[in-house]
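The values are calculated or read from the model by the stated rules, or taken from the named source; none is laboratory data. Every value quoted in this text rests on a predicted model; they were computed, and no experiment measured them. In this analysis, Cβ positions are derived from the backbone assuming ideal geometry, glycine residues included, and neighbour counts consider all displayed protein chains.
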Amino acid sequence: MTRLTARELIELAVDGFECWDQPLGPATDPDVAAAREQTGLDEAVITGAGLLRGRRVAVIACEFGFLAGSIGVATAERLVAAVERATRERLPLLAAPTSGGTRMQEGTVAFLQMVKITAAIVHHKAAGLPYLVYLRNPTFGGVFASWGSLGHITVAEPGARIGFLGPRVYQALYGEPFPEGVQVAENLYRHGLIDAVLPPEALADVADRALRILLPRADSPPEAADPLEESLPDVPAWESITISRRPDRPGVRQLLRYAATDVLPLYGTGTGEKDPGLLLALARFGNAPCVLLGQDRRGQTATSPMGPAALREARRGMRLAHELNLPLVTVIDTPGAALSSEAEEGGMAGEIARCLAELVTLEAPTLSLLLGQGSGGGALALIPCDRVLVAQHGWLSPLPPEGASAIVHRDTRQAPQTAAAQGVRSADLLANGIADRIIPEYPDAADESQEFCRRAGRALERQLLQVLRADPAERLAARLKRYRALGTAGRPA
């Protein structure tokens, strides 16, 4: 693998780079002096700012040729100064680490530098500023265990060796080689630890896509007027349930394909898990940006239903929305969460509870779209938002109607009557204050996939722009009041 220098990578990613680094004094350490002579740099990191597709961004990039990109006291001080300046100037930050970790020649003091680098990154993110990470070959040790693992979005170079403990150290300590194929970018992606594996030539494009979604545009036109509610035909609950189960019904992927103006898929929990039952992405509907997490009907099967890892991935989406001060959109479309020993041992009930707790109290604006089936705890975990939209044939129930019928009538034959009695259909959800808007289907979304998805996208944009403009404290108070009052209308105090 040909390794790009820090300067070469910066030239690929940004135009008009302005270096922020202050000259350092003469090197007293012979290893540092030799590294300076070899690389033409005075330290193992270059920092500054440049234009990425016309947008000013801050950049920090390691140079592996300088003592293996190791982080010493001077290196850390340069990094922290750059992060702090990026925060003051409210610039998004692009980090490109490649390092063996702590500079061993400087010992424990150098080791503890990771603390102040981490603190600076956390402060940058707390200011609502994007932090994008591009892991290069190789990235190990304290760098990967601190600022290399804190990105809102994390991408890696193809074939990059990435890990906590370097393989040479492992062999020296344990007398055997580290297993092949574990500490490789592609394996990290398979395990949901990073969002993508892309060559350096694609870095500017993916960063630009992310920033187009994450950062506001000054030229956004005023929102379109919310159309008047139209009168929809009275469809029995069982008919809607049957329609929602059509295999060709559009799901979250079609919604993004036909309705979103920008999409950047993310992948996994970031902590070593993934579940095909949930899709996580940054997206923009018209002029409304959001973090979107959607239950993917394509990834949920009878043999592989949505598991607890999907809800842990959903909670990653909630954290992103909070950190980036973006609206969160949840798309509900599930026949039900996994009912298995693996799901029980994986903490399914606890993950539903934690999703509920985080979502209903999330400070960011929230919007839920009930796109199709809304069965059980998997649907419950993503419903409590500021606004709830529902497709005309979407529905919400504690269990699949057949399961509810089995409980009430001891057989499944009464499922249609049970569904009607439970008030699961879109018209009932609207009447009971659970939903705010119904998105029409003419007469079935599966027969008009593109038109339906674009209609849903326009509705999402209108509602997102409305919740974005609401006062945050008033919006959260209204959300809590809404769910506190649900089901109590007309009852004595």
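Observations
- Here Met104 passes the criteria (1) within 17 Å of Phe144 (Cβ to Cβ); (2) in contact (Cβ under 8 Å) with a residue 60 or more places away in the chain except the one numbered (2).
- Thr269 vs. criteria at pLDDT below 95, surrounded by 21 or more Cβ atoms within 10 Å (Cβ to Cβ) and not in a helix (DSSP H, G or I): yes
- Put simply, of Pro401, Pro384 the only residue that is assigned by TED's automatic domain parsing to the domain that holds Leu476, farther than 30 Å from Val291 by Cα and touching a residue at least 12 places away in the same chain (Cβ under 8 Å) is Pro401.
- From the options Ser449, Ser426, residue that is closer than 15 Å to Leu232 by Cβ and of a type in the set (S, T, N, Q): Ser426
- Boolean, Ala419 is of a type in the set (A, V, I, L, M, F, W, C), assigned to a helix (DSSP H, G or I) and buried (at least 23 other Cβ atoms within 10 Å of the Cβ): yes
- Residue match in segment 22-44 (condition: within 17 Å of Gly148 (Cβ to Cβ), in the same structural domain as Met114 (by TED's automatic domain parsing) and surrounded by 24 or more Cβ atoms within 10 Å (Cβ to Cβ)): yes
- Residues that are among the hydrophobic types (A, V, I, L, M, F, W, C) number at least 3 in the following helices (runs of 4 or more DSSP H) confined to segment 112-187: 113-126, 167-174.
- Residue tally, condition within 30 Å of Ala202 (Cβ to Cβ) and either not in a loop (DSSP other than H, G, I, E, B) or not aliphatic (A, V, I, L, M) (or both), over segment 1-34: 18
- Across segment 308-324, the qualifying residues are those that are within 18 Å of Gly272 (Cβ to Cβ) and under 10 Å from the mean Cα position of the chain (by Cα), and the one among them that is surrounded by the fewest Cβ atoms within 10 Å (Cβ to Cβ) is Arg319.
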